[in-house]
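Let me give you the structure first, and then I'll get to my questions.
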Amino acid sequence: MEFGLGQLVEVLLLLGFLGARNGGGRDISVELLADGACRVTFDHWPWPAGSRESALSSLERWLSFEGIDWSTPPPLGLPRGVISLPPYVELGLVNALAPRLDVIAWEGAHHWRRCYREGLAEPESSRSLMDAPSPRHAEQGLCITFTPDASIFEPGSRMRSQHILERVQILSAMLPGVTWRLRDALVGRESCFRRTRGLADLCDELVDSRGLLSPPWSFEGQVGSTQVGLALQWGAFEGAGVRSWANIHRCYEGGTHHQGFHQGLRKALRSRMKARGSSQEAWAFPEEALVAHLTAVLSLGLSEPVWKGPTRAQLANPELKEGVAQLVATWVEAALAQDSQVEARVLALSGAPSNALRP
């Protein structure tokens, strides 16, 4: 039950993410209320729209599933939602599973409200509200409050605060400069994330700060239609390994992009060994040593992701292996060449014998 409630919140989180990614906003707030309801507030219109009127019209349609063509695939590149539709369409799911849903939208002095009960709009619920919430004095925005249906979800069930907190932490790393807030009224906990370095900040947080060789190296690039972001660093102590996301969904079991990452990393290390005059050009850099002291965060944006297995947690796009390998090899080799001392330590930690690293 808690997982299902979390998925409803996920719809709204993805809605805010897409809007902020398109430059529409800088502040997203989630509140878990004491009565079990959830309120999500955006300081922007979290979907593409040319004007306030067209946005409100779209909002009404998505909340009621009006005019939705279920046979139409979602636009390419969007993260999957609860049932693989774009999150702004899945607003209708949230509405249908909430006996009470309140929506407030505003732009400047104009405020608009619509109340829904069991998925149906109350006839006289659209009116001007002068006391509607406007987060951080935003000129325009949207606030959605929903109460889970007790006939579907076990009475007293609440969204898992820790799960939502972890999700907000990840989403904030994917959108540098955007503020994400989470408040749990029942336990009195408030959290706020605003990362200026994106993935590099997340990479720093995943590993013990003692003994790090350098601040995380951060890269962005593209191979074909796939966007690739990477942050990585080595340390004297055990690293967190390689963690990855595809269209902001966690890849728990790796996949072709992990294979490409390892391939590109080995290529870069071997190239630097050769540049240092080593007579052995094909050091194996065994898997255990390669990642033992490494912490890496890899994010991919694909137009057509292929997922393997029932959990859809392993990426299976065959073209990603070589593309990611090429980018990683180029990035890491250039970074290592900038600092010979860091390079020597990285090579040693990755499995190169000490006699091969002598000047």
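Conditions tested, residue by residue: (1) in the same structural domain as residue 340 (by TED's automatic domain parsing); (2) in contact with a helix residue (DSSP H, G or I) (Cβ under 7 Å, 6 or more places away or on another chain).
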| site | (1), (2) |
| --- | --- |
| 188 | no, no |
| 209 | yes, no |
| 215 | yes, no |
| 219 | yes, yes |
| 227 | yes, no |
| 231 | yes, yes |
| 262 | yes, yes |
| 288 | yes, no |
| 295 | yes, yes |
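Can we say residue 290 is surrounded by 15 or more Cβ atoms within 10 Å (Cβ to Cβ), closer than 30 Å to residue 209 by Cβ, in contact (Cβ under 8 Å) with a residue 40 or more places away in the chain and of a type outside the set (Phe, Trp, Tyr)?
yes
I'd like to know if the stretch 313-324 contains one or more residues that are aliphatic (A, V, I, L, M) and surrounded by fewer than 21 Cβ atoms within 10 Å (Cβ to Cβ).
Yes, that holds for at least one residue.
Output the residues belonging to the stretch 211-250 that are under 14 Å from residue 330 (Cα atoms) and either outside any strand (DSSP E or B) or more than 19 Å from the chain's Cα centre (by Cα) (or both).
217, 223
Right, another one. Checking the conditions here, which among 82, 89 is surrounded by 14 or more Cβ atoms within 10 Å (Cβ to Cβ), modelled with pLDDT under 70, part of a loop (DSSP other than H, G, I, E, B) and among the β-branched types (Val, Ile, Thr)?
The conditions single out 82.
Name every residue in the stretch 310-359 that is modelled with pLDDT under 90 and assigned to a loop (DSSP other than H, G, I, E, B), in order of residue number.
310, 311, 312, 313, 351, 352, 353, 357, 358, 359 - these are the residues of the stretch 310-359 that are modelled with pLDDT under 90 and assigned to a loop (DSSP other than H, G, I, E, B).
Out of curiosity, is residue 209 at pLDDT 95 or above and under 21 Å from residue 341 (Cα atoms)?
Considered against the rule, which asks whether it is at pLDDT 95 or above and under 21 Å from residue 341 (Cα atoms), residue 209 comes out as no.
Output the number of the condition that residue 202 fails; it satisfies all remaining conditions of (1) closer than 20 Å to residue 42 by Cα; (2) modelled with pLDDT of 70 or more.
Among (1) closer than 20 Å to residue 42 by Cα; (2) modelled with pLDDT of 70 or more, the lone unmet condition for residue 202 is (1).
Continuing with the same structure: Of these, 272, 266, which one is touching a residue at least 12 places away in the same chain (Cβ under 8 Å), over 29 Å from residue 307 (Cα atoms) and surrounded by 19 or more Cβ atoms within 10 Å (Cβ to Cβ)?
272
The values are calculated or read from the model by the stated rules, or taken from the named source; none is laboratory data. Since this is a predicted model, take the numbers as computed values, not measurements. FYI the Cβ positions are ideal-geometry reconstructions off the backbone, even for glycines, and counts take in every protein chain you see.
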